[in-house]
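Novice: Here's a structure for you.
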Amino acid sequence: MSSNLHWYSTNPTTITATALTPVILDAAPETLTAATPAVSINTFLTILDATSNGVAATLADGQIHGQLKRVTAKVVAGGTTNLTIASAVSSSLNVVTFTVIGDTVDLIWNAEGPYWRVYQLLDTDRNSSTPTIA
Amino acid sequence: MRELEIGSDGVLFSVTQAGTEAFFVPVIPKAAAQALTGAGAINVTSYYTAVTSASGPNALTLADGTVKGQLKKVQLIVDDGGAALTIASPVSSSLDVVTFADAGDFVLLLWNGDAWSIIEAGNDADGATAPAVA
């Protein structure tokens with residue numbers, strides 16, 4: 001099933017970017033506390049809670065073109081908190097490291113890649129820090 | 001001349017995968033944000049409602065959404081006794097009351113055509129806490 005939008009123009013040179021229709025899941029958020037958990041692709045929001053230990057999470061491939069995914073760090077006190085993306089745009093953009101509370105990454109799934117693209121790094125409590133990606 | 005293609009199966013706004021979860025194209029009303037002080041009704045005609053509680057806890061209500069995929073964000077921006085939001089049509093009767101206790105508390109809801117589903121809850125002042133949902 002396809003959910004992507006295709007735009008055509010008499011002047012195609014004016015359109016250069018790939019546009020995806022965002023798709024969001026109707027599902028409750030999840031919170032992960034284990035040391036090496038798999039982030040669900042069946043929810044929009046995943047919260048990483050490193051209260052007791054570091055969290056090295058993994059993100060598998062998305063389910064549908066345009067799927068949105070948000071991963072946020074609730075607690076980072078227990079150790080290193082990061083997310084490894086199985087199919088990233090680039091092997092140099094496949095590990096997100098969360099360093100402060102509120103660090104958040106937003107991704108969109110491009111099934112034609114296929115890959116997850118990070119389209120936003122932010123800190124929800126609006127301090128100067130954001131996650132790093134490498 | 002431009003053409004918009006919505007996919008050969010003609011389905012754009014509601015895509016169902018095998019299993020119980022469902023995907024929705026998020027829809028945001030084009031309307032100014034609502035500012036609400038004290039008790040009252042959260043509107044469904046705007047995306048964002050900023051609540052200022054006054055000698056709370058204040059009783060808030062949320063009626064049914066109007067379009068599948070509609071997003072609604074409700075946030076307590078000034079706390080004076082908190083506020084309790086009752087969702088008329090929640091996905092579960094055990095998820096129908098959101099208790100805002102601190103400035104910055106917010107919920108993000110998705111209307112699935114039958115019920116409001118909370119897809120994110122948090123606090124953008126501290127990045128870690130969240131309103132209680134019960």
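Novice: I'm trying to understand the selection: among the residues of the range B:90-102, which are within 13 Å of chain A (Cβ to nearest Cβ) and surrounded by fewer than 19 Cβ atoms within 10 Å (Cβ to Cβ)?
Specialist: If the condition is that a residue be within 13 Å of chain A (Cβ to nearest Cβ) and surrounded by fewer than 19 Cβ atoms within 10 Å (Cβ to Cβ), then B:SER92, B:SER94, B:LEU95, B:ASP102 are the ones that fit.
Novice: Of the residues A:ASP125, A:ASP106, only one is modelled with pLDDT of 95 or more and not hydroxyl-bearing (Ser, Thr, Tyr); which?
Specialist: Selected residue: A:ASP106, the only one of A:ASP125, A:ASP106 that is modelled with pLDDT of 95 or more and not hydroxyl-bearing (Ser, Thr, Tyr).
Novice: Of everything in the range B:43-89, what is more than 10 Å from the chain's Cα centre (by Cα), closer than 23 Å to B:ALA115 by Cβ, of a type in the set (A, V, I, L, M, F, W, C) and surrounded by 16 or more Cβ atoms within 10 Å (Cβ to Cβ)? Give them in sequence order.
Specialist: B:VAL51, B:LEU60, B:LEU76, B:ALA83, B:ALA84, B:LEU85
Novice: Run down B:LEU110, B:LEU60 and say which single residue is in a strand (DSSP E or B), touching a residue at least 60 places away in the same chain (Cβ under 8 Å) and among the hydrophobic types (A, V, I, L, M, F, W, C).
Specialist: Just one listed residue meets the conditions, B:LEU110.
Novice: Take the range A:22-36 and flag every residue that is hydrophobic (A, V, I, L, M, F, W, C) and either without any contact (Cβ under 8 Å) to a residue 24 or more places away in the chain or within 7 Å of chain B (Cβ to nearest Cβ) (or both).
Specialist: A:VAL23, A:ILE24, A:LEU25, A:ALA27, A:ALA28, A:ALA34, A:ALA35
Novice: Give me the residue from the range A:75-134 that is acidic (Asp, Glu) and under 14 Å from the mean Cα position of the chain (by Cα) and, out of that set, farthest from the other protein chains (Cβ to nearest Cβ).
Specialist: Of everything passing the filter in the range A:75-134, A:ASP106 is farthest from the other protein chains (Cβ to nearest Cβ).
The values are calculated or read from the model by the stated rules, or taken from the named source; none is laboratory data. The model shown is predicted, which means the values in this text are computed figures rather than measured ones. Ideal geometry is used to build each Cβ from the backbone, glycine not excepted, and the neighbour counts take in all protein chains shown.
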